[in-house]
Amino acid sequence: MTNLLIRLFVKDYEKTENGKVRERYGTFSGIVGIITNLLLSGIKIAAGVVFHSLAITADAVNNLSDSVSSIVTLVGFRLAGKPADAEHPYGHARIEYLSGLIVSFSILFVGLQLVRSSFDKIQSPEQSDFSMVTVAVLVIAILVKVWQGMFYRKVGRTIGSTAIAATAADSLNDVFATCAILIGTIITELTGYNLDGYMGMAVAIFIIVSGVKLIIATSNPLLGTAPSKEFVDDIYHKIMNYDGILGIHDLNVHNYGPERCFASVHCEVSASQNIMVSHDIIDNIERDFLQEDGIHLVIHLDPIVTDDEPTNALKAEVQQIVKSISPEISMHDFRVVWGTTHSNLIFDICISFGFKISDEELVSLISEAIYQIDPTYHSVITVDHDYIPVK
C-alpha cells in the first residue's frame, strides 16, 4: 500500500537524488501524518470522554501532538527546499533538522503535561466504563500506527531523512503505548482494579522518554557528526583511482543539510610532476565529485618527494616507529631539510579523538625514537585529530 501511495502522489518518485523530489516525499509524508493522526485523535477523544478513560484521552492527546508534529515536518520540508540566498549561501536544508527538533520538544512537553493529569487521576480515581467499542478503537489505532510507522520508515530510508526516521520511531513507540492501554483496560475489567491513571502515567513516561531520545537524535546533525565509514571509504577509493594521486589525508566533511555536503581533503602528488598537470588532476576530481556525487569538494595539493632515496629510506624508518607505538596512528607530509650539523624531519601524524596517549607524550615518544636513529635528527611534528571514523 505504501509503494502504491508513493507512486500515485509523489511525482518522479524514483529520482530521490533530486532535491525537488525529496521535498515532495517530505510534503507527502507530512500530509499523511496530519490526516491519520487527526482521525485517530478524534476517535480516541470521543471514546475517552464517553467511557471516562484518562489513559485513552492521554493517548488521543499524543496523537494530536503527532499531527502538529506532521504540520511542523511539512512546513520544515517546504522551507528547507528554498534555494541559497545572500543571507544563507549554504542553503536552507538544515531547517529540516530544526523542524525535527521542534517536534521532539513538543513531544516532551505533552508527556510532562500528561504526567500531571495521570497523577491527579491516581490520587482521585474515576471508574472507567468498559466497552467493546473501547477495545475496537484501541485495536484499530494499533493497526493504523503500525502502518504509519512502516510508511514513515520506508520514506525516511528512501530519502535518507533523520527527521522522518525519528517520526517513524515515534509512531512505532505509540504502538507499544496503545497496547499498554488496551492491556490495562482489559485487566481493569477482569479484576476490578482501576489501572486507568497508572496506564496514563505509563504512556506519559513513554512519551517523555521518546521525546528525550528524539531531541538527542535531531540535535546531532545540527551539532555536526562524523560521516559514516562507508561514505569516507567511498571518497578515499574514488580519489585514489585517479592517476597521479599518491595519497590522501585530512578529510573533513561538513553537512549543511541533506544533499548539501561540503568537504575538503589533502591529496599528495609527486613534487617532480609539472604543477599544471597536478592542478588539472585536482580540478577534474573536484568537478567529478560535484557532478556525480553532489559533494562540493575542495582539494589542497601536497607535493611530496618520491625520487630521493635517503629521504624515502628515512621516511620508512619513521613510519615503522609510528606504527610500533600504535597502528591507529597515520603519518603524512613527510619531508627532510638536510643540514651539515643537523637535519630537520618535518611531518604530521593523525590520531583519533580520545586517543590513549596525549599529544605531548606522543610527540616525545616519536622524537626520542628518531633521536636514537641519529642524534643529529631533529623532529618537527604536528599532531592532527581525525574528524572521520577510524578506518
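Could we say that ILE164 is more than 27 Å from ILE216 (Cα to Cα), part of a helix (DSSP H, G or I) and in contact (Cβ under 8 Å) with a residue 12 or more places away in the chain here? For ILE164, the condition - more than 27 Å from ILE216 (Cα to Cα), part of a helix (DSSP H, G or I) and in contact (Cβ under 8 Å) with a residue 12 or more places away in the chain - is not met. In this structure, does ILE373 turn out to be buried (at least 16 other Cβ atoms within 10 Å of the Cβ) and more than 17 Å from HIS266 (Cβ to Cβ)? The answer is no for ILE373. The sole residue among ALA169, ALA202 that is under 30 Å from LEU223 (Cα atoms), surrounded by fewer than 22 Cβ atoms within 10 Å (Cβ to Cβ) and within 39 Å of the chain's Cα centre (by Cα) is ALA169. For the range 293-308, what are the residues that are modelled with pLDDT of 90 or more and in a helix (DSSP H, G or I)? Those that are modelled with pLDDT of 90 or more and in a helix (DSSP H, G or I): none in the range 293-308. Scanning the range 77-92 for residues that are surrounded by 23 or more Cβ atoms within 10 Å (Cβ to Cβ) and small (Gly, Ala, Ser) yields a total of 1.
Condition check ((1) modelled with pLDDT under 80; (2) under 21 Å from SER210 (Cβ atoms); (3) over 31 Å from the mean Cα position of the chain (by Cα)) across all residues:
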| position | (1), (2), (3) |
| --- | --- |
| ARG22 | no, no, no |
| VAL32 | no, yes, no |
| GLY42 | no, no, yes |
| ALA46 | no, no, yes |
| VAL49 | no, no, yes |
| ALA58 | yes, yes, no |
| SER65 | yes, yes, no |
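For the range 376-391, taking the residues that are surrounded by 14 or more Cβ atoms within 10 Å (Cβ to Cβ) and part of a strand (DSSP E or B), the one that is nearest to the chain's Cα centre (by Cα) is identified as ASP386. Take the residues in the range 311-320 that are closer than 11 Å to TYR377 by Cβ and aliphatic (A, V, I, L, M); name whichever of them is surrounded by the fewest Cβ atoms within 10 Å (Cβ to Cβ). The residue in question is LEU314. Evaluating ILE208 against the criteria (1) in contact with an Asp or Glu (Cβ under 8 Å, 6 or more places away or on another chain); (2) at pLDDT 80 or above; (3) not polar (S, T, N, Q) leaves one unmet condition, (1). Within the range 237-266, being free of Cβ contacts under 8 Å to residues at least 40 places away in the same chain and not aliphatic (A, V, I, L, M) holds for HIS237, ASN241, ASP243, GLY244, HIS254, ASN255, CYS261, SER264. So is PHE355 in a strand (DSSP E or B) and either farther than 14 Å from ASP250 by Cβ or modelled with pLDDT under 95 (or both) or not? Criteria not met by PHE355. When every residue of the range 62-83 is checked against the conditions, none turns out to be more than 27 Å from CYS261 (Cβ to Cβ), among the hydroxyl-bearing types (Ser, Thr, Tyr) and in a loop (DSSP other than H, G, I, E, B).
For THR340, the conditions (1) free of Cβ contacts under 8 Å to residues at least 40 places away in the same chain; (2) part of a strand (DSSP E or B) are fulfilled apart from (2). When the range 259-282 is filtered for residues that are in contact with a strand residue (DSSP E or B) (Cβ under 9 Å, 6 or more places away or on another chain) and either surrounded by fewer than 17 Cβ atoms within 10 Å (Cβ to Cβ) or in a helix (DSSP H, G or I) (or both), the ones remaining, listed by number, are PHE262, SER264, SER270, ALA271, SER272, GLN273, ILE275, VAL277, SER278, HIS279, ILE281, ILE282. When we screen ASP308, ASP333, ASP302 for residues that are over 30 Å from LYS15 (Cα atoms), surrounded by fewer than 17 Cβ atoms within 10 Å (Cβ to Cβ) and in contact with a strand residue (DSSP E or B) (Cβ under 9 Å, 6 or more places away or on another chain), the only hit is ASP308. The combined condition, being crowded, with 17+ Cβ neighbours inside 10 Å, modelled with pLDDT of 95 or more and closer than 20 Å to ASN241 by Cα, is fulfilled by ILE285. Restricting attention to the range 32-56 and to residues that are part of a helix (DSSP H, G or I) and either polar (S, T, N, Q) or touching a strand residue (DSSP E or B) at 6+ places or on another chain (Cβ under 8 Å) (or both), the residue that is nearest to MET199 (Cα to Cα) turns out to be SER41. Condition (residue is modelled with pLDDT under 80, surrounded by fewer than 20 Cβ atoms within 10 Å (Cβ to Cβ), outside any helix (DSSP H, G or I) and not hydrophobic (A, V, I, L, M, F, W, C)) applied to the range 97-106: is it met by at least one residue? No, every residue in the range 97-106 fails to be modelled with pLDDT under 80, surrounded by fewer than 20 Cβ atoms within 10 Å (Cβ to Cβ), outside any helix (DSSP H, G or I) and not hydrophobic (A, V, I, L, M, F, W, C).
When you scan the range 225-244, do you find a residue that is in a helix (DSSP H, G or I) and more than 25 Å from the chain's Cα centre (by Cα), even just one? Yes, the range 225-244 contains at least one residue that is in a helix (DSSP H, G or I) and more than 25 Å from the chain's Cα centre (by Cα). If you take the residues in the range 225-244 that are surrounded by 19 or more Cβ atoms within 10 Å (Cβ to Cβ) and at pLDDT 90 or above, which one is nearest to ALA80 (Cα to Cα)? Applying the filter and picking the extreme gives ILE235.
The values are calculated or read from the model by the stated rules, or taken from the named source; none is laboratory data. Since this is a predicted model, take the numbers as computed values, not measurements. Cβ atoms come from the backbone with ideal geometry, glycine included; neighbour counts cover every protein chain shown.
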